[in-house]
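Asks: Sharing a structure here in structure tokens format.
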Amino acid sequence: MTATLQTKKLSNFINGEWVTVDSSTAVINPANGEEIVQVPLSGKESVDVALAAAKQAQKEWALVPAPQRAEVLYQVGNIMKERKERLSQLLTMENGKVIEEARGEVQEGIDMAFYMAGEGRRLFGQTTPAELKDKFAMSQRCPVGVVGIITPWNFPIAIATWKSFPAIVAGNAVIWKPATETPIMAYELAKIFEEAGLPKGVINVVFGGGSIVGDAMVHHDDIRIISFTGSNETGRNIAAECGKQLKKVSLEMGGKNAVIVMDDADIDLAVEGILWSAFGTSGQRCTACSRVIVHERVKETLEERLLVEMEKLTIGDGLDQSVKVGPIINKSGLNKIKQYVEIGKEEGAKLLAGGFVWQNGVSQGGHYFAPTLFTDAKPSMRIAQEEIFGPVVSLIPVKSFEEAIEVNNGVSYGLSSSIFTKDVNQVFQAQRDLDTGIVYVNAGTTGAEIHLPFGGTKGTGNGHRDSGVQALDVFTEWKAVYVDYSGKLQRAQIDVD
Ligand code: UN1
């Protein structure tokens, strides 16, 4: 049985209450164009109310011992586990990704719940020898207060868990603005938090647009951190504003990820890796492969094998188990992909497959793009430089390992990269020299695991990481504490001998 929602209009979740607002817009199933539910379009005043509640709640939450805070996350994880199938189906409906991938994304959220719950019994600080006798020194993690998280439509539940779970276990309160395209996961997760017994006001979900809700969050002095995943342009604007206020900001803004295929690679494996990471989620991942840097000696073989396998990719509604490539999120996403294909042709790359809006009976009302393969792309072309966020991949031939690394690194992003080779020396050189936050060897560019840091170099972000224990660095401040038990005034740096 397909999962259904009990409501026709979602509500904000503020201070433990479900609050409606007058204005709303439709959430559309990208597979068929049908309306699923209405999502609130909140005003700035909703952020103000949420913030007042969060400030109040945070004071008490910070005093709850971290292992007890973690108990709530264990509970959240258990409920998510019970509801995995429901959440996955609703995720496919609002986002379009195929059901198998939706299950994978929900699993990331479950894993994150248990992983961060474990942090409740760690949240390690450090003890350090003090300079002076009878003096104790330590560094400890402290919550920052109220944090703002802004999450994208392409991983509406996983990315929300990467940010909110560490924030909560560390003793912060959260104001969360989910993407308006995919609010159902936020609504379901808020319900789970409520059922798990999270005290009211510790998480507040305010639905609405970036220009109103997001903007209010960014401008509010009492929100001490903004953690954002989304477009490069928005991220840069947020960073500029946060910079003026000296507000901490953590950004993840996409990639132009490449798979390198060397001449000794297992070509069948490389083909599988490319297909999965380029056309899975219809290329709408920050980590999606959109460039293949191929050694010229294996270029033709790789092209042939890719074309054969691409033929087998079934397109359609992600709820159909046999479908491999689901829809594009919306019309503007589809238009962007179409434009890039035109740009690629004009730039002189050779279109080998796809390149068109896919239509058949199933696609009525939905937006689909055929898996697309360009070859003979030059590293400087726009299709080889700019993020497309669709099922479009460009092959770039190279003559050597060194050239492959140079081409990989010659883009403004630095999220993920991969190399297929059997040469152990090249493996180690590549993991050292590839300028990305994530490197894969003999695997595609997607599939990050939640207990490792997620993020990248250069235009991908600003040095922070989501998920992994490193996420705690975003949501905590370090406090250095000195306890002098000598009973007299000892002056550091002066009374040293
Ligand atoms: C994203 O695309 O923003 O590594 C997140 C992956 C997934 C997460 C992707 N685990 O592809």
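Asks: Please give the helix 84-95 orientation as an angle from the longest Cα principal axis of the chain, in degrees from 0 to 90, rounded to the nearest 10.
Replies: Around 60 degrees separate the two axes.
Asks: Next up: If we count other beta carbons within 10 Å of each Cβ, what is the order of LEU395, LEU319, LEU91, LEU452, fewest first?
Replies: If I rank by nearby Cβ atoms, fewest first, I get LEU452, LEU319, LEU395, LEU91.
Asks: At q = 0.09, 0.16, 0.19 Å⁻¹, work out log10 I(q)/I(0) for the stretch 257-441 with the Debye formula, treating every Cα as an identical point scatterer and leaving solvent out; two decimals please.
Replies: Listed by q, the Debye log ratios stand at -0.29, -0.92, -1.27.
Asks: Neighbouring Cβ atoms within 10 Å as the yardstick, rank CYS142, CYS242 fewest first.
Replies: By the 10 Å Cβ count, ascending: CYS142, CYS242.
Asks: For the stretch 395-497, report the convex hull volume of the alpha-carbon atoms normalised per residue, in Å³, without decimals. Please list the in-between numbers first.
Replies: Working: hull volume 20.9 nm³, N = 103.
Output value, Cα hull per residue: 203 Å³.
Asks: Relative to the Cα centre, what is the charge dipole magnitude of the stretch 12-253, using +1 at the beta carbon of each Lys and Arg, -1 at the beta carbon of each Asp and Glu, and rounding to the nearest 20 debye?
Replies: On the way: 24 positive and 29 negative charges, 196 e Å.
For the stretch 12-253, the charge dipole is close to 940 debye.
Asks: Also: How far is helix 331-347 tilted off the main Cα axis of the chain, in degrees rounded to 10, range 0 to 90?
Replies: 50
Asks: With a 10 Å Cβ neighbour count serving as the proxy for reagent exposure, in which order, fewest first, do LEU275, LEU307, LEU472 appear?
Replies: LEU307, LEU472, LEU275
Asks: In whole percent, what relative contact order does the stretch 267-360 give with Cα contacts below 8 Å and a gap of six or more residues? Numbers along the way, then the final one.
Replies: Numbers: 64 pairs, mean separation 19.9, N = 94.
Relative contact order here is 21 percent.
Asks: What is the set of long-range amide H partners of ILE260 at a cut-off below 5 Å, with H atoms built 1.01 Å from backbone N?
Replies: Excluding prolines and chain starts, which carry no amide H, the hits are ILE293, SER418, ILE419, PHE420.
Asks: Let me ask you something else. Calculate the dipole size of the chain relative to its Cα centre from +1 charges on Lys and Arg beta carbons and -1 charges on Asp and Glu beta carbons; express the result in debye to the nearest 20.
Replies: Dipole of the chain, to the nearest 20 debye: 1080 debye.
Asks: Given the peptides 129-135, 36-42, arrange them by the average over their residues of other C-beta atoms within 10 Å, most packed first.
Replies: The packing order, highest mean first, is 36-42, 129-135.
Asks: Please report, in debye to the nearest 20, how large the charge dipole of the stretch 76-219 is about its Cα centre when each Lys and Arg carries +1 at its beta carbon and each Asp and Glu carries -1 there.
Replies: Details: 15 positive and 16 negative charges, 91 e Å.
Once rounded to the nearest 20, the dipole reads 440 debye.
Asks: Same structure, new question: Between exposed chymotrypsin sites (Phe, Trp or Tyr not before Pro) in the chain, where DSSP calls loop and at most 11 other Cβ atoms lie within 10 Å, what's the longest gap?
Replies: The longest uninterrupted stretch comes out as 125-484.
Asks: Still on this structure, please answer the following. Using only the alpha-carbon atoms, what does the chain span along each of its principal axes? Please give whole angstrom values in decreasing order.
Replies: 78, 62, 40
Asks: Here's something else I'd like to know. Which residues in the stretch 408-422 have a backbone N closer than 17 Å to a point placed 7 Å from the Cα of LYS350 along the Cα-to-Cβ line?
Replies: none
Asks: Something else: What does the helix-only formula give at 222 nm for the chain: each DSSP H stretch with n ≥ 4 adding -39500 (n - 2.57), the total divided by the residues, and the result rounded to the nearest 500 deg cm²/dmol?
Replies: Only helices count here, giving -11500 deg cm²/dmol.
Asks: So what is the diffusion coefficient of the stretch 12-253 in µm² per second by Stokes-Einstein at 4 °C and 1.567 mPa s, using a Kirkwood Rh over Cα pairs?
Replies: Reported coefficient: 71 µm²/s.
Bear in mind that the values in this text are calculations on the coordinates, not laboratory data. What you see is a predicted model; the values in this text were computed from it and never measured. Quick reminder, even Gly has a Cβ in these numbers, built from the backbone with ideal geometry, and neighbours come from all protein chains shown.
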